[in-house]
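Presented below is the structure to which this report refers.
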Amino acid sequence: MKFDRSRKLFTEACRYFPGGVNSPVRAFGAVGGSPLFIKKGAGSKITDVDGNTYIDYVMSWGALILGHAVPEVVAAVSKAAALGSSFGAPTESESKLATVISHAIPSMERLRLVSSGTEATMSAIRLSRGFTGRDKIIKFDGCYHGHGDSLLVKAGSGAATQGIPGSAGVTAALSRDTLVCPYNDISALRKIVAQHAASIACVIIEPVAANMGVVMPDAAFLQAVRDLTARHGIVLIYDEVITGFRFHFGGVQTLQKIKPDLTCLGKIIGGGLPIAAYGGKKEIMDCVAPLGQVYQAGTLSGNPVAVAAGLAMLKVLKTKDYAALDHKAARLCEGLKESFTRKHMPVTINRAGSLFTVFFTPQPVTDFTTARTSDTKKYAAYFKAMLHAGINLPPSQFEAQFLSFSHTDKDVALTLRAVK
Ligand SMILES: *Cc1c(COP(=O)(O)O)cnc(C)c1O
């Protein structure tokens, strides 16, 4: 395989963009080498500027559950764009999209369309602060909720009470207001809530964690999160930016039988265009301007081209067989496990439906601490070898792999052959 043109374009891009990219993980920093510049995609495959074609397991980080360049979505986008790409005024299609979303996720009684997952979570945090009149928030170690200042705080030891900035530029005051708890740890959560209950505005959680690699929630843990927040008047925010429409036609909250107060969506609902949403209880959402005092706005919010893409995508998605997708992912993961076991390489594969992560560690991965026991050097070698075999994996251990409805049995077979 040749990567000459990608390398040349990357050198050029480094003159314009910090690190040559417009989002950090694209730079291949965690796995080494120079990023692929992609020319086109179709179904489960992408082709780079050097003409190499890969089976793609990144799928725009989960946005493309139907695959690349879905004909119905392409047609809807062209049609909408020809009618004008933005008006900064209401359109009928926004309500159509809201109808589909709120039918699929009934807890979203009212919602707002925004343009990125980051905007959705940032707005939901501000709203919960405005609604409760409280300042502090709780997030879980290893969960990612976009790059809003309050959310870029991670836990080190003692971080739950101290607040240690995870990014330069996040003020100490904001960090102090973000309390961090280990994922799946009920007693740690109880302790934090007991200590700060009256000043906690919200708890934000990935109901299946997918940004430290895939980590499954404990059912009792999720129920405890719901019970505790309800008891103390704390807004529970489900960040379903990845999980929304990933496991069935709706939120994972329905499968988990948990009703959050607010939900954030992104990725899948835009069909590959920039659209996201936050919404929930009417009583809380009515605090958003112009009805209420919490300000949130957007020039391109509810953008007609993006809404058309989302609507077209959801229409096709509704006809799809999620059980078959789950089954395909199970087969792929069983094959992976078998190959590694045969080579006496201890791996833990966490899978939730069509999301999965191979951790190079013998121990179960249940939170960020155990996720970090994975041998990331091994992951980097795995990534590189797979890339050369025509398989595009996420360029970081701490990301999920995404199977889509466009992946065929042949793709799965080719992937397993490459792994061998
Ligand atoms: C991707 C992601 C976000 C951020 O969405 P952007 O569109 O990248 O801003 C937020 N939360 C979760 C769970 C995500 O996976």
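The values are calculated or read from the model by the stated rules, or taken from the named source; none is laboratory data. Every value quoted in this text rests on a predicted model; they were computed, and no experiment measured them. A quick note on method: Cβ atoms are made from the backbone with ideal geometry, for glycine too, and the neighbour counts reach across all protein chains shown. To get the accessible areas, we keep the full protein, side chains included, count just its heavy atoms, and leave off ligands, DNA and RNA. Shrake-Rupley method; radii C 1.70, N 1.55, O 1.52, S 1.80 Å.
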*Sort out for me the helices (runs of 4 or more DSSP H) sitting completely within the stretch 278-379 that have 1 or more residues that are farther than 18 Å from ILE268 by Cα.*
282-285, 322-342, 368-371
*asked:* Checking GLY271 against (1) open to solvent by 20 Å² or more (accessible area, probe 1.4 Å); (2) away from the ligand (no atom under 13 Å from the Cβ); (3) in contact with a Leu (Cβ under 8 Å, 6 or more places away or on another chain): exactly one of these is not met. Which one?
replied: (1)
*asked:* Which of the numbered conditions does LEU236 fail, given that it passes all the others? Conditions: (1) touching an Asp or Glu at 6+ places or on another chain (Cβ under 7 Å); (2) in contact (Cβ under 8 Å) with a residue 60 or more places away in the chain; (3) part of a strand (DSSP E or B).
replied: (2)
*asked:* Between THR369, THR373, THR341, THR361, which is touching a residue at least 24 places away in the same chain (Cβ under 8 Å) and either surrounded by fewer than 21 Cβ atoms within 10 Å (Cβ to Cβ) or of a type in the set (Lys, Arg) (or both)?
replied: THR369
*Tally time: how many residues in the stretch 127-147 are more than 9 Å from the ligand (Cβ to nearest atom) and either farther than 14 Å from ASP261 by Cβ or surrounded by 23 or more Cβ atoms within 10 Å (Cβ to Cβ) (or both)?*
12
*Those residues that are touching a residue at least 40 places away in the same chain (Cβ under 8 Å) and either among the hydrophobic types (A, V, I, L, M, F, W, C) or in contact with a His (Cβ under 8 Å, 6 or more places away or on another chain) (or both), I need them from the stretch 344-357; list them, please.*
ALA352, LEU355, PHE356
*Give the residues of the stretch 206-247 that are of a type outside the set (S, T, N, Q) and open to solvent by 40 Å² or more (accessible area, probe 1.4 Å), sorted by residue number.*
MET216, ASP218, ALA219, ALA220, ASP227, ALA230, ARG231, HIS232, GLY233
*Name the one entry in PHE3, PHE17 that is aromatic (Phe, Trp, Tyr) and free of Cβ contacts under 8 Å to residues at least 24 places away in the same chain.*
PHE17
*In the stretch 180-195, what residues are modelled with pLDDT of 95 or more and either surrounded by fewer than 17 Cβ atoms within 10 Å (Cβ to Cβ) or of a type in the set (A, V, I, L, M) (or both)?*
ILE186, SER187, ALA188, LEU189, ARG190, LYS191, ILE192, VAL193, ALA194, GLN195
